[in-house]
Amino acid sequence: MLLKRTLFCVFEKQRGRYAALAIAAVVIVVGIPLWWKTTETYRAWLPFSEISELDSLQLQLSVDIEVVFSRGTLTPEQQKKFPLSHVNEKEHQVDAKTGLRYKYETRYRTATIMEEDALNQPTAAEADLSLHMLSESSCGSVVVYVIPETAALLPEDVKVYVGQRRTALLRSPPFKSSWSLKEVLSNLDVEVEQVVSTMSFSHQDIVAALSDRVRMAKVTKESMADSMRAIKSSPGYEITFSLLNPDPRSHSLHWDIEGAVQSCIQPLLNKLAPIANFSVDSQILYYAVLGVNPRFDNSVSAYTLSADSLSHVINPVEARLGSNAASSNPVLNFLLYVPDSHHSPLFIRDHSKREVPSNAFHSPRWGGIMVYNVNEMYGPEAERPVDININMAKVMGVFLAQLRLMLGVQHTHPPTGFVLQSPGSAGLADWELDRLLWSRSVENIATASTTITSLAQLLDQIGNIVINDNIAQQVSSAVTSLQSAVAELEAGNLAFALQYSREAILASERAFFDPSLLHLLYFPDDQKFAIYIPLFLPMCVPIVLSLLKIVSEAKKRRADKQAKSD
């Protein structure tokens, strides 16, 4: 009986050991890998090596230039060596990680018979139109027609005429008949370079477009002011025209905003269609005041708003404007304010205490406000409310100028002797559009590369952020579009470069602001232990103690065998 009990106790101990070992084996072999796999943070593959290359941005901007010599500018001997071409490159290292290279490929030739006929037009504007009808230059290119020094096409004090298209007329500097063609072209290069910098882009404009990557010290104050005034690049913009009538009992205002937009604003928006999508709406706000009490100036018998008080005008008015909650696009506001009869006339003064001719002002990246006085349109005995038809041509002229500034169409300061033709009803010349496309393309590339590299650094540093397949697809798409945009800029295909840069910035921002990136962002490891320890500790303690007891018994048996053998 005693022997049977002893054997039973030994069997129970062995069974307990085997059970503990089996449970430990199941936990280690099955439980821990299963738990690890089911709690693993899913991270799709990202092209980190290609993203790291984008951190060091080297851009090349290629410009095609065509210089056409008309009859009477070259000798027959000089003309025999045409056509020919020349490539000029300039490099600028903006900072340690950003470099710029400008490649100017210039082709020289003589004018065709049809071009000679176009240059015989009575005015430069007609010649520019005739040359455009013959052939349309590609986006980003510049064509310079060199006309004789004695040509009557340009006034005597005009050296260069820049038209509405991508064409310029250059009065030939005095050439000696004994000069070789190389000397002629060398003497002409300075003039052509001035034309190209006016019609294409300047180094400071490109550096200003890189403001997301480059320190402010690298940018001139004027270029930075233009960059800060213009609204940031976006896939679309909302443009709102508002008529503010603070005194509807006195004034019954009528404005043909629809017709004015179609005739004055829509041609500009049509030209800017490659850059962004635009939507336009309008509204009339009654009993809307500026929120600033104007001061009466006895010297002019009128109310005035000083430049220092203009910053306090926008906030009270903005609360009445409302917002388009259905769209995430930035909004540009243009307000036409008609003062009430008790504060008329009302004039805006600049910092020099002089009246602003347009009686309007603009706020960077917000919009503009124009004050429209109507007190001279009726007498004191007129029946109230007075019907007033607003001169929309005058108003839209001001708003069009402000809209150009808001969208980044920078004011060009041409050298002495240059004449720039007004864009006319189009609202924007072709070469002005090209300047904007160069800046927007570079700005989009800089912004997208900064966004995507910042996202890659964030995901690399914080390992428990989920990277789903959608984010990986957006990141890969952004990287591919960025590489294509840089390649198209290098090839001189400005339109395609802008298109790819827009795709890159859209994909990078969708990836960066994806809500799924925040799911585990604030779930550190110490919180994991706080959750899992109460769950696993009661189960692990018995298993660990059993394993320790088994190890202890094994050591004891080994020691007993060693003692018996000795």
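Estimated from helical segments only, the mean residue ellipticity of the chain at 222 nm is -14000 deg cm²/dmol, where each DSSP H run of four or more residues counts as -39500 (n - 2.57).
Hey, what angle do you get for helix 430-461 against the long axis of the chain, alpha-carbon based, 0 to 90 degrees rounded to 10? Rounded to the nearest ten degrees, it is 10. Mind checking the angle between helix 525-565 and the chain's longest principal axis? C-alpha axes, 0 to 90 degrees, to the nearest 10. Between helix and principal axis, roughly 30 degrees.
How would you classify the range 59-207 from its alpha-carbon gyration tensor, with a ≥ b ≥ c the square roots of the eigenvalues: rounded for a/c under 1.5, else prolate if a/b is greater than b/c, otherwise oblate? In terms of gyration-tensor shape, prolate. When the C-alpha to C-alpha distance is required to be over 25 Å, the pairs from Lys159/Lys232; Lys232/Lys394; Lys81/Lys176; Lys271/Lys394 that qualify are Lys159/Lys232; Lys232/Lys394. The residues of the chain present an accessible area of 53 Å² per residue when probed at 1.4 Å with all protein chains retained.
With the cut-off at 1.5 for a/c, could you classify the chain from its C-alpha gyration tensor as rounded, prolate or oblate? Taking the square roots of the gyration eigenvalues as a ≥ b ≥ c, the chain is oblate. Taking all protein chains as present, what is the carbon and sulfur share of the accessible area of the chain, in % to the nearest whole number, probe 1.4 Å? Carbon and sulfur atoms account for 56 percent of the accessible area of the chain. Computed from Cα atoms, the angle from the helix 2-26 axis to the main principal axis of the chain rounds to 10 degrees.
Once you mark the chymotrypsin sites (Phe, Trp or Tyr not before Pro) that are in a DSSP loop and have at most 13 other Cβ atoms within 10 Å, what is the longest gap between them in the chain?
Values: sites that count: Tyr42, Trp45, Tyr287, Phe513, Tyr522.
Formally, the longest exposed-site-free interval is 46-286.
Of the trypsin sites (Lys or Arg not before Pro) found in the range 34-132, those that fall in a DSSP loop while having at most 11 other beta-carbon atoms within 10 Å are Lys80. With every protein chain in place and a 1.4 angstrom probe, the accessible-area ranking of Met392, Met114, Met133, Met377, largest first, reads Met133, Met114, Met377, Met392.
The values are calculated or read from the model by the stated rules, or taken from the named source; none is laboratory data. These figures come from a predicted structure and were not determined experimentally. FYI the Cβ positions are ideal-geometry reconstructions off the backbone, even for glycines, and counts take in every protein chain you see. All accessible areas refer to the heavy atoms of the entire protein, side chains included, with ligands and DNA or RNA removed. Shrake-Rupley method; radii C 1.70, N 1.55, O 1.52, S 1.80 Å.
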